[in-house]
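So the structure is just underneath, and the comments pick up after that.
The values are calculated or read from the model by the stated rules, or taken from the named source; none is laboratory data. Quick caveat, the model's predicted, so the values are computed rather than measured. Neighbour counts run over all protein chains shown; Cβ positions are idealised from the backbone, glycine included. The area values use the complete protein model at the heavy-atom level, side chains included, leaving out ligands, DNA and RNA. Shrake-Rupley method; radii C 1.70, N 1.55, O 1.52, S 1.80 Å.
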Amino acid sequence: MKRRSLRRYVMFIAAVTMTTSTGAAGASPAAPVDPIVTVVLPAPTGPDPVGLTEWQLTDTSRGDPWEPSRRRDLMVQIWYPADDNDTSPIAAWMPPGGQEEQLDYLTELGVPSGSWALAPSHSRRNEPARTDGGRFPILLNSPGMDDATGWSTAQAEDLASHGYIVVAINHTHEAFAVQFPDGRTERSAVPLDSPQHVLSDLLLPTRVADARFVLDQLTAAATHSTAASASLPQHLADVLDPAQVGMFGHSLGGSTTAQTMHDDARVRAGVDLDGPILGSVSTDGLDRPLLMLASDTSPWYGHSGWELSWPANTGLKIPLRIAGTRHMSLCDQQVILAQLAAAGLLGADKKIDAIGSIDPHRSIDLQRAYLLAYFNAAFGRGDTGIAETITRLAQPEMLPHF
């Protein structure tokens, strides 16, 4: 495995047996006919225009685990319902760190550098927030291990277009690369040969502390009791609703979601997108609802949280798997790799290993539909509870993960 693959998987699968493809290694994809293939992000499905901003936050009470002489410094991305003036520029699909990570990942897969580009997002940078819809629920988002924010834009934009404020956290010095306004770039400092316990003893607690700190800052911003609120786009602080908080995340971000819910009762509902259950939540369980969406070859089946009976768990647990998917289906790679394969830039076997055989449009539609329906039910935006909502939404590709 190459560098990103190692960092993403080694510590995860040290204690589990992961289902892998047994097919022969694919040939290098043919050289592109055209010099550039532009990968297009699917448009959000909701009625609200979407705004996007980046917010720098410094936790003065906490040193950085990888740079103890500095306070913990974070960059977050926020997608939100925006006004409809269309006066601000369209934002990039990913921030620079996410784009750099994307290039590194595709290069490892054999996609020729310079053969592809990402289209812009559907969000307007720093557009004023919508003010005629009251306050909007906050959904924290934690990316996968090594991932920068922007790798789940398809999910984030769609939720924002339906009246949610999605706040994605760059976990500094674990994320591939994070750019700060002063021009510095902080890169991953997680050693490739880190033992398994680093995952639960260092990365997970750091991520949970990041999430709780960001939530503290959002709560303070909602009452304009922090100077940082002044740097948010116009009206955004006014429409934050810290009384309605959910969280979702892919891979280690799903693990972070479950443990953050365990440690912080403010997070009322969560979604784990193909991540293991780690930390004290694995034995203590939760008293609030958790939707669990697994890939079709998820290695977590039968392990803590994914087993038939989660000891001590009293909250609603809904474990599902999406037929025909793989681990990277549950983020924007479902969109990107499918389009590159269709253009002949990525071998079919490598595409299937990463994102499975499911129709990519169908996969994204399912993810968006289940995330939206679940959070709508969790925050009383529908006429049914969570369990009934998910039952009514039943689709043939969504299978009970038992």
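Tell me, what ³J(HN,Hα) does each residue in the stretch 193-201 have, in order and in whole Hz, if you take phi through Karplus 6.51 cos²θ - 1.76 cosθ + 1.60 with θ = phi - 60° and put x for Gly and Pro?
9, 4, x, 3, 5, 4, 4, 8, 8
What are the residues whose amide H is under 5 Å from the amide H of residue 269, where those residues sit 5 or more places off or on another chain and H is modelled from the backbone?
Those qualifying (amide H under 5 Å, at least 5 residues apart or on another chain) are 247.
Put 64, 383, 83 in order of accessible area, largest first, 1.4 Å probe: what do you get?
Details: 64 5, 383 135, 83 30 Å².
Greatest to least solvent exposure: 383, 83, 64.
From the phi angles alone, apply the Karplus equation (6.51, -1.76, 1.60; θ = phi - 60°) to the stretch 364-378 and give each ³J(HN,Hα) in whole Hz, x where the residue is Gly or Pro.
Result, rounded to whole Hz: 5, 4, 5, 4, 4, 5, 6, 4, 5, 4, 5, 5, 4, 5, 5.
Taking R0 as 41 Å, what's the FRET efficiency between residue 180 and residue 393 from their Cβ-Cβ distance, rounded to 0.05?
Result of the calculation: an efficiency of 0.50.
Over the stretch 102-255, what is the mean sequence separation of C-alpha contacts under 8 Å (at least six apart), divided by residue count, expressed as relative contact order in percent?
35 percent
List the residues, sorted by chain then number, that are 5 or more residues from residue 39 or on another chain and whose placed amide H is less than 5 Å from its amide H.
117, 118, 119
Quick check: the distance between the Cα centres of the stretch 266-313 and the stretch 322-393, to the nearest angstrom?
Comparing the Cα centres of the stretch 266-313 and the stretch 322-393, I get a distance of 18 Å.
About its Cα centre, what dipole magnitude does the chain give when the only charges are +1 on Lys and Arg Cβ and -1 on Asp and Glu Cβ, stated in debye to the nearest 20? List each step's numbers first, then the result.
Numbers: 29 positive and 45 negative charges, 83 e Å.
So the magnitude is around 400 debye.
What list of ³J(HN,Hα) couplings, whole Hz, do you get for the stretch 112-125 from phi and the Karplus terms 6.51, -1.76, 1.60, once you set θ to phi - 60° and write x for glycine and proline?
Each residue's phi maps through the Karplus curve to give x, 5, x, 8, 9, 8, 8, 5, x, 6, 10, 10, 9, 6 Hz.
Just checking my list [x] 29, 62, 9; [y] 28, 59, 14; [z] 26, 56, 15, 4, 0, 0 against P(r) over Cα pairs in 20 Å bins from 0, in percent computed from this structure; which label fits?
Among [x] 29, 62, 9; [y] 28, 59, 14; [z] 26, 56, 15, 4, 0, 0, the one derived from this structure is [x].
Based on DSSP H runs of at least 4 residues, each adding -39500 (n - 2.57), what is the mean residue ellipticity at 222 nm of the chain after dividing by all its residues, to the nearest 500 deg cm²/dmol?
Mean residue ellipticity, 222 nm, calculated: -8500 deg cm²/dmol.
Between residue 58 and residue 107, how many nm apart are label points set 7 Å from Cα along the C-beta direction?
Between residue 58 and residue 107, the simple spin-label model gives 3.2 nm.
Given points 7 Å out from each Cα along the Cα-Cβ axis, report the residue 307 to residue 189 separation in nanometres with one decimal.
Taking the two extended label points, one gets 3.7 nm.
Between residue 43 and residue 69, take the C-beta separation as r, use R0 = 41 Å, and let me know the FRET efficiency to the nearest 0.05. Please list the in-between numbers first.
Details: r = 45 Å, r/R0 = 1.09.
For residue 43 and residue 69, the calculated efficiency is 0.35.
Give the shape of the stretch 143-190 as rounded, prolate or oblate, defined through the alpha-carbon gyration tensor: a ≥ b ≥ c are the square roots of its eigenvalues, a/c under 1.5 means rounded, and otherwise the shape is prolate if a/b is larger than b/c and oblate if not.
Values: a/c = 3.40, a/b = 1.95, b/c = 1.74.
Prolate is the answer for the stretch 143-190, as a/c is 1.5 or above and a/b outweighs b/c.
Whose amide H sits under 5 Å from the amide H of residue 346, counting only residues 5 or more places off or on another chain, with H placed in the peptide plane?
341
Based on the mean of other beta carbon atoms within 10 Å per residue, what is the order of 144-156, 212-224, most packed first?
144-156, 212-224
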